[in-house]
Each structure stands twice: as structure tokens, then as C-alpha cells.
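Note sheet for the following structure.
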Amino acid sequence: MLVSEGFTTQNGTAAGDSLAVSVVVPVYNEVEALPHLLAAIATTLKTNQISYEIICVDDGSTDGSTEFLKQQAETRTDLKAVLLRRNYGQTAAMAAGFKYATGKAIVTLDADLQNDPEDIPQLLAKLEAGYDLVSGWRIKRQDAAVTRLLPSKIANWLIGRTTGVKLHDYGCSLKAYRSELVADMNLYGELHRFLPALAYIEGARIAELPVRHHARRFGRSKYGLWRTFRVLMDLLTISFMKKFLTRPMHVFGLFGLLSIALGMLLGLYLTFLKLGLGQSIGNRPLLFLAVLLLLTGVQLFCFGLLAELLMRTYHESQGRPIYRVREVVGKNVK
Ligand code: UDP
Ligand code: MG
């Protein structure tokens, strides 16, 4: 059975030699934490007999993380160091890591040891139980209350409402994915926290699992309140994508036609007043409303047509089908 192909067995037998898991870690100025992090990941996965690779993506660090990772990757076999040319941000670093990952599952976590590598096996076990994505939930989160926990509470609520995926903690970096799921997702902005939402749009089965969380012991956080704004903007993009990705005309066309219809009704009424009853209509606000509705309606309608064309270009140019297949069953299926 596909789901029990074993993320947790060493050197998977039936499924060839691919590794069970690629651990992807974005790194930006975390030189003090790195030795502890690598050791913790390696120890946990070895103890649990899970074949693994660690992919550290250096996001343009300036504190020596780059040199450390490079030197480590030259000496040990379980580490790939992907060194970006400059600082692109956490989402881009994660996307780069995904690109070089070869494991059957992908686990992401932060370099600062706020996430606990010891949670990785239980995330993998959950994947094995049949989920496509397992998201960590920092039940006892160790961050500042006002600047971090509060905005995060609001953001979580909003994201849940807008995307329809009900998780407690979207911002938790510790997540596990089936690698096929990640393979064809494109990430932008701060979108990494929306991966569950994007995956959900694509029909993935999603689970949430309580994980540990520690206060930062080394280095400093790379974010402040500003991130909340960026997350909100990304939320708009996501909710737009969710609704309009395949049929924008259904929405724009509908509102366009409604607006046109209402404008026409008002226009007819005013025409009747003018021609039928001989009243003057030049100074009536209703006239402006009618004109406005007609114009807006036509614009919305045309905008919908344009969006429709754009979406077709989007899907066709990337060879992206509008559906996702979970599995094909049959004796002659390769
Ligand atoms: N990070 C990154 N590029 C950036 C900012 C952050 O790769 O531009 C990494 C950082 O090294 C850490 C993770 O993203 O591994 C999360 O960052 P941080 O711990 O500062 O976020 P917080 O836990 O405070 O939300
Ligand atoms: Mg952190």
C-alpha cells in the first residue's frame, strides 16, 4: 500500500534507495545554533533508524554560518549546504531547499532550535498514517506575548476563516510533507506559512500535531511586527487564488452583469420619468448611480474576461493541470 511504504525504515527496501526524509532548514545568521542543530537532527533520526539528509539553505548569512555549513558539508555525508547569493527571505530559502530534497518526505524546521528535532519521528509517523501534510502546533509557544503571540493569534484566526483550513498554528515552521506535494508548488512572498492552505486547495489531506517549542537560546529573531502586514497581504493573494484560480469569470462576470442590470433598470426608470412624465432628471443623484453602475459593470465584465485569459495562460504555459491526482489504481498502471 502506498501510504505505508515506510517513511521510517532505513534505506527503504521496496521503494528503492531513496531516503526516507529530507530535513530542510533555512539559515540566516545562526552560527551558534548550527552545531547543536545538526547534532540534534542526526541523533534523533539515527536513533529512530530513519534514513535522512539535512539540507541547510544559507540565506546570505554574514556571521560565518556560510563558512561553517560549507566546511561541514565537505566533511559529512548527511548534509547538503545550499548557499544562496544574498538574503532572499525564509520562504525563498525553503523553496530552494525543496528543490534539492530527494527524500520521500520533507520536513522543515527552523535553524534556531526553537523547534525540536526530536518531534520529527512523530510527524513522519503521522504522514505514514495517510496524511499528505502534517503541521506542527506549538502548544506552549515561547515567544513574546504582545509582539508575537497576539498578532499570530489574529493571523491564525483570519487565515482559518479565509482559507477554510482549520489549523491552530500556521506559523509553525516544523511541518512534514510528502515530497510529491511540494514538488509542484511555487512559493512567493511569505507564502511558506500558507503551504497548508495551498496544499488544501490542491486537495491534500492535512493533520496537525502538538510539538515542543523552546525560547531562542542563540542569536536573535529576524522578524518584528512588520511581518504581520506582509502575512496579511499574502492572505489576500491566497484567498483570491482559492476563489478565482480556475474560473475568474464566475465571479467577475456575475458581479459585472448584476451591476449592468441594476444600472439598466435605473436608466429605464429615469427614461420613463423623463419621456413619460416629462420630469427633469439632470440633477438627480440616481442618474449618476445608474451611469456608475453601468460603467463599473462593463469594466468588471471585461476584467473577468481578461482574468480568464490570464488564468488560461497561467495553467497552459506551466503545463499545470487544473486537477491533482492522488493515486491511479489498476493492474496495468505503471
Ligand atoms: N530565516 C531565513 N531568512 C531570513 C529570515 C529568517 O532563512 O531572511 C530563517 C532563520 O534563520 C530561522 C527561520 O528562518 O531558521 C525562522 O526565523 P526566526 O527564528 O527569526 O523567526 P521566529 O522564530 O522569530 O518567528
Ligand atoms: Mg525562531
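Just a few scattered comments:
- Filter pass, residue 97 being among the small types (Gly, Ala, Ser) and within 14 Å of ligand 1 (Cβ to nearest atom): yes
- Restricting segment 296-309 to residues that are open to solvent by 100 Å² or more (accessible area, probe 1.4 Å) and in contact with a helix residue (DSSP H, G or I) (Cβ under 8 Å, 6 or more places away or on another chain) leaves a set whose member that is farthest from residue 248 (Cα to Cα) is 299.
- For residue 126, the criteria (1) within 13 Å of ligand 1 (Cβ to nearest atom); (2) of a type outside the set (A, V, I, L, M); (3) at pLDDT 95 or above hold in every case but one, which is (1).
- Residue 264 being part of a helix (DSSP H, G or I), touching a residue at least 24 places away in the same chain (Cβ under 8 Å) and under 30 Å from residue 185 (Cα atoms): no
- Selection over segment 110-128 of residues that are within 16 Å of ligand 2 (Cβ to nearest atom) and open to solvent by 10 Å² or more (accessible area, probe 1.4 Å) gives a count of 4.
- If you go through segment 129-139 and keep only what is of a type in the set (Phe, Trp, Tyr) and more than 16 Å from ligand 2 (Cβ to nearest atom), you end up with just 131.
- When the criteria are applied in full, residue 283 fails the requirement of being open to solvent by 60 Å² or more (accessible area, probe 1.4 Å), away from ligand 2 (no atom under 16 Å from the Cβ) and under 12 Å from the mean Cα position of the chain (by Cα).
- Hits in segment 117-148 (condition: among the small types (Gly, Ala, Ser) and under 15 Å from residue 177 (Cβ atoms)): 125, 129, 130, 135, 136
- Any hit, segment 246-257, residues being in a helix (DSSP H, G or I), open to solvent by 40 Å² or more (accessible area, probe 1.4 Å) and of a type in the set (Gly, Ala, Ser): no
- Hits in segment 160-193 (condition: at pLDDT 85 or above and either charged (D, E, K, R) or part of a helix (DSSP H, G or I) (or both)): 160, 161, 166, 169, 175, 178, 179, 180, 181, 182
- Scope segment 1-47; condition over 26 Å from residue 70 (Cβ atoms), assigned to a loop (DSSP other than H, G, I, E, B) and either at pLDDT 95 or above or touching a Pro at 6+ places or on another chain (Cβ under 8 Å) (or both); matching residues: 8
- Tallying residues that are among the small types (Gly, Ala, Ser) and open to solvent by 60 Å² or more (accessible area, probe 1.4 Å) within segment 129-145 yields 2.
- Residue in segment 237-258 that is hydrophobic (A, V, I, L, M, F, W, C) and in contact with an Asp or Glu (Cβ under 9 Å, 6 or more places away or on another chain) present: yes
- Among residues of segment 81-101 that are farther than 23 Å from residue 71 by Cβ, those with a Cβ under 8 angstrom from a residue that is open to solvent by 30 Å² or more (accessible area, probe 1.4 Å) and charged (D, E, K, R), sequence gap 6+ or separate chain, pair up as 90/222.
- Identity of the residue in segment 228-243, in contact (Cβ under 8 Å) with a residue 40 or more places away in the chain and charged (D, E, K, R), that ends up farthest from ligand 1 (Cβ to nearest atom): 242
- Of all residues in segment 140-161, those that are over 17 Å from residue 233 (Cβ atoms) and without any contact (Cβ under 8 Å) to a residue 60 or more places away in the chain have Cβ atoms under 7 Å from Cβ atoms of residues that are open to solvent by 60 Å² or more (accessible area, probe 1.4 Å) and basic (Lys, Arg), 6 or more apart or on another chain, in 160/166.
The values are calculated or read from the model by the stated rules, or taken from the named source; none is laboratory data. Please read these numbers as outputs of a predicted model, since none were measured by experiment. Glycine gets a Cβ as well: all are built from the backbone with ideal geometry, and neighbour counts include every protein chain shown. Keep in mind that these areas ignore ligands, DNA and RNA; they rest on the heavy atoms of the full protein, side chains included. Shrake-Rupley method; radii C 1.70, N 1.55, O 1.52, S 1.80 Å.
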